[in-house]
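The values are calculated or read from the model by the stated rules, or taken from the named source; none is laboratory data. What you are looking at is a predicted structure, and each value in this text was computed from that prediction instead of being measured. Please note: Cβ atoms are built from the backbone with ideal geometry, for glycine as well, and neighbour counts cover all protein chains shown.
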Amino acid sequence: MLPKLQTNDLIYICSPAKGIEVEHVHFAKEFFIQNGYRVEIATHALGSNGYFSGTIEERLTDFQVGLNHPEAKVILCARGGYGCMQIMDKLDWSSFENNPKHLIGFSDVTAFHLMLAQKNIPSLHATMPLNFKGNTPESLRSLLYVLKGTPASISAQNSPFNQSGAACGKVIGGNLAMVHALLPRMKKEDFSDKILFLEDVGEHLYQIDRMLYGLAYSGALDEISGLILGGFTSVSDTDSPFGKSLEEIILAHVLHRKIPVAFGFPCGHQNDNQTLILGDKSNLTVNLSGSKLIQSFLENPT
């Protein structure tokens, strides 16, 4: 059962991946304090070790403190980048499994989201301190609402590439590059009857197509009940054009399924990055009016 935050609850901020500037973390700390919460910043969260916030051991220690923390109700990752894969299998998740907390982040944090999906524990695909200053009010508001246990819904305008339909199932996924990288540790059954959510940043069109082929060859795309596409930002073509748009590339991999496909969800590497509950049984509807995902915020996801 995930906690519903109350006034004065503790939020633990750590940096399991790339290093982050102090002002971003302090801005997030003040944001939560102003909204009635306490904040603890991990020992090495503001550190630096080359590309990373700390050595593998330092990042591992900080994250383990969060997993075992007797007071913290939330583990908030400060930013993504790269690094979560380096520590995910070195962590002891037993305390967290017995007393789950909200685990928040996106991008590289998808590594943790996929691990928790296999443990049947919901987590939050949501904005992180690196992005708080630029986030839309709705993005930050949606995070606070979900933390308090308010039922969540996310809507997107109609896209000519949408595929109409309805689906019910738990949401799984996150950053496409991370989902693809972790396919070897996923089972086809992990995607069975799930609504797959994908987003990415800074990829070439051919790279997106290649990663989708990876999902197709794994059998994942034949198992899902629906597909949600968030922001695909800073996507570029090659000097010799690929010949298809992003939407055409994606649809080519799922047209045979006749499942609902929703483009343009306000989730991902963008200022309007609304909170998506992964591992929550949800209802996706896609029609001519647009698309909508209604999430109940399950306290008992089994």
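Residues of region 125-137 being surrounded by 16 or more Cβ atoms within 10 Å (Cβ to Cβ) and closer than 20 Å to residue 293 by Cα, which ones?
Taking region 125-137 first, the residues surrounded by 16 or more Cβ atoms within 10 Å (Cβ to Cβ) are 125-132, 135.
Selection gives 125, 126, 127.
Take the residues in region 190-204 that are closer than 14 Å to residue 221 by Cβ and among the acidic types (Asp, Glu), then tell me which one is surrounded by the fewest Cβ atoms within 10 Å (Cβ to Cβ).
Taking region 190-204 as the starting set, the residues that turn out to be closer than 14 Å to residue 221 by Cβ are 190-198.
Okay, now just the ones that are also among the acidic types (Asp, Glu), so 190, 193.
Values: 190: 16, 193: 13.
Among those that are closer than 14 Å to residue 221 by Cβ and among the acidic types (Asp, Glu), it is 193.
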- Within region 70-92, work out how many residues are over 14 Å from the mean Cα position of the chain (by Cα), in a loop (DSSP other than H, G, I, E, B), under 22 Å from residue 39 (Cα atoms) and touching a residue at least 12 places away in the same chain (Cβ under 8 Å). 1
- Item | Residue under evaluation residue 5, criteria (1) under 18 Å from residue 147 (Cα atoms); (2) in a loop (DSSP other than H, G, I, E, B); (3) free of Cβ contacts under 8 Å to residues at least 60 places away in the same chain; (4) among the aliphatic types (A, V, I, L, M), criterion not met | (3)
- Message: I want to confirm something. Restricting to region 1-44 and keeping residues that are polar (S, T, N, Q) and within 16 Å of residue 78 (Cβ to Cβ), which single residue is surrounded by the fewest Cβ atoms within 10 Å (Cβ to Cβ)?
- Response: 43
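Could you please let me know if residue 215 is within 18 Å of residue 279 (Cβ to Cβ) and outside the structural domain of residue 109 (by TED's automatic domain parsing)? Let's see the steps before the verdict.
Numbers: within 18 Å of residue 279 (Cβ to Cβ): no; outside the structural domain of residue 109 (by TED's automatic domain parsing): yes.
Criteria not met by residue 215.
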- Message: Looking at region 45-62 only, could you name the residues that are touching a Lys or Arg at 6+ places or on another chain (Cβ under 7 Å), crowded, with 18+ Cβ neighbours inside 10 Å and assigned to a loop (DSSP other than H, G, I, E, B)?
- Response: 53
- Item | Of all residues making up region 142-152, the number that are exposed (fewer than 14 other Cβ atoms within 10 Å of the Cβ) and part of a strand (DSSP E or B) | 0
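In this structure, is residue 174 without any contact (Cβ under 8 Å) to a residue 60 or more places away in the chain and assigned by TED's automatic domain parsing to the domain that holds residue 282? Outline the logic, then answer.
Values: without any contact (Cβ under 8 Å) to a residue 60 or more places away in the chain: no; assigned by TED's automatic domain parsing to the domain that holds residue 282: yes.
Here the answer is no, as residue 174 does not meet what is asked.
One line per residue, one yes/no per condition, for (1) of a type in the set (A, V, I, L, M); (2) outside the structural domain of residue 278 (by TED's automatic domain parsing); (3) more than 15 Å from residue 277 (Cβ to Cβ):
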residue: 58; (1), (2), (3): no, yes, yes
residue: 64; (1), (2), (3): no, yes, yes
residue: 68; (1), (2), (3): no, yes, yes
residue: 71; (1), (2), (3): no, yes, yes
residue: 79; (1), (2), (3): no, yes, yes
residue: 88; (1), (2), (3): yes, yes, yes
residue: 100; (1), (2), (3): no, yes, no
residue: 104; (1), (2), (3): yes, yes, no
residue: 110; (1), (2), (3): no, yes, no
- Message: When you check residue 249 against the structure, is it part of a loop (DSSP other than H, G, I, E, B), at pLDDT 95 or above and more than 20 Å from residue 104 (Cβ to Cβ), yes or no?
- Response: no
- Query: Which condition does residue 159 not pass, out of (1) closer than 15 Å to residue 227 by Cα; (2) without any contact (Cβ under 8 Å) to a residue 60 or more places away in the chain, if it passes all the others?
  - Reply: (2)
